Amino acid sequence: MPSHSHLRNILIVDDERTARVEMERMIRILEPDCDIQTADSVEESLCRIKEKSPDAIFLDIQMPGGDGFDLLYRLGKQRPPVVFTTAHEQFAARAFEHDAVDYLLKPFGNDRLKTALTRLGISGPAENTFTADDLMILKVDGECTLVRVGDIDLLESKDGTTMIYTNAKFGKVNKTLAQLEEQLDPKLFFRTSRDQLVNLQRVRKISITDQDSLQATLFNGSTVRFSRRRGVLFQKSHSF
């Protein structure tokens, strides 16, 4: 994979001409120095890649004559990083199993595209890389499933694994709690202790316990205890 400083050649693959034109327009607004090629099928993509090896691919999934996964199969492991762009949410788990850098659900705006470019290393660092509307892949009972970041109640480091809990499901992710904390919006998620991150929008109330420590009660009825140090930081930063 090329170094981030050289991620400047982009291939857009989409069978709809209007989608290719719009994607190119959006990328040029954010990164005017990028060299952009386009293709409308798997076969044309292979020709473009042979002519000028791209540093990253924005790839549609459903196309005539073969889908985006067919292209990845034919490219093999020695391929550029890929961001999928599609109107269909149901392919996301499979996309991340193929090591997709990101998964953009159409329609999306410049802010969401900039996040994808940041993850590719094309744009400069963002304040955070996961927004509330992003999808995160979880492993539940050995299978991959998806959860909207804004629907996460709690993230917890447990027995060397990072667990994610929502109101409907829970599963594990292949990132440390510290890595996720750096990528999540600090206005949305707060580190309540060494082992836990809570989504403040999923908190129903904050109370003081008999031990003079803070405790968050979530909308699902579960509680999260703040460590003393993190409780003090929360009170200072949130005028509690």
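Has region 57-71 got at least one residue that is free of Cβ contacts under 8 Å to residues at least 12 places away in the same chain and surrounded by fewer than 19 Cβ atoms within 10 Å (Cβ to Cβ)? Can you show your working first?
As a first pass, look at region 57-71 and keep what is free of Cβ contacts under 8 Å to residues at least 12 places away in the same chain: none.
Looking for residues that are free of Cβ contacts under 8 Å to residues at least 12 places away in the same chain and surrounded by fewer than 19 Cβ atoms within 10 Å (Cβ to Cβ), one finds none in region 57-71, hence no.
Selection within region 36-59: residues that are assigned to a loop (DSSP other than H, G, I, E, B) and charged (D, E, K, R). The member of this set that is farthest from the chain's Cα centre (by Cα) is Lys52. Just one residue in the set Asn174, Asn167 is in contact (Cβ under 8 Å) with a residue 40 or more places away in the chain, of a type outside the set (Ser, Thr, Tyr) and in the same structural domain as Gly150 (by TED's automatic domain parsing); that residue is Asn167. Is it fair to say Met163 is closer than 29 Å to Val101 by Cα, at pLDDT 90 or above and either hydrophobic (A, V, I, L, M, F, W, C) or buried (at least 16 other Cβ atoms within 10 Å of the Cβ) (or both)? It is true that Met163 is closer than 29 Å to Val101 by Cα, at pLDDT 90 or above and either hydrophobic (A, V, I, L, M, F, W, C) or buried (at least 16 other Cβ atoms within 10 Å of the Cβ) (or both). Taking region 15-35 as the range and being in a loop (DSSP other than H, G, I, E, B) and more than 21 Å from the chain's Cα centre (by Cα) as the test, the residues that pass are Asp15, Glu16, Pro32, Asp33, Cys34. Here Gln211 clears all of (1) assigned to a loop (DSSP other than H, G, I, E, B); (2) surrounded by 14 or more Cβ atoms within 10 Å (Cβ to Cβ); (3) of a type in the set (S, T, N, Q) except the condition numbered (2).
Each row is one residue, and each column tells you yes or no for (1) modelled with pLDDT of 95 or more; (2) among the β-branched types (Val, Ile, Thr); (3) not in a loop (DSSP other than H, G, I, E, B).
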position: Glu182; (1), (2), (3): no, no, yes
position: Leu197; (1), (2), (3): yes, no, yes
position: Gly221; (1), (2), (3): no, no, no
position: Leu233; (1), (2), (3): no, no, yes
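Screening region 99-129 for residues that are modelled with pLDDT under 80 and surrounded by 15 or more Cβ atoms within 10 Å (Cβ to Cβ) and picking the one that is farthest from Ile12 (Cα to Cα) gives Asn128. Restricting region 148-160 to residues that are surrounded by 15 or more Cβ atoms within 10 Å (Cβ to Cβ) and out of contact with any strand residue (DSSP E or B) (no Cβ under 6 Å at 6 or more places or on another chain) leaves a set whose member that is farthest from Asp133 (Cα to Cα) is Ser157. Has region 64-71 got at least one residue that is part of a helix (DSSP H, G or I), aromatic (Phe, Trp, Tyr) and modelled with pLDDT of 90 or more? Yes, there is a match, as at least one residue in region 64-71 is part of a helix (DSSP H, G or I), aromatic (Phe, Trp, Tyr) and modelled with pLDDT of 90 or more.
The values are calculated or read from the model by the stated rules, or taken from the named source; none is laboratory data. All of these numbers come straight from a predicted model, not from anything done at the bench. When we count neighbours, we look across all protein chains shown, and the Cβ atoms used for this are built from the backbone with ideal geometry, even at glycine.
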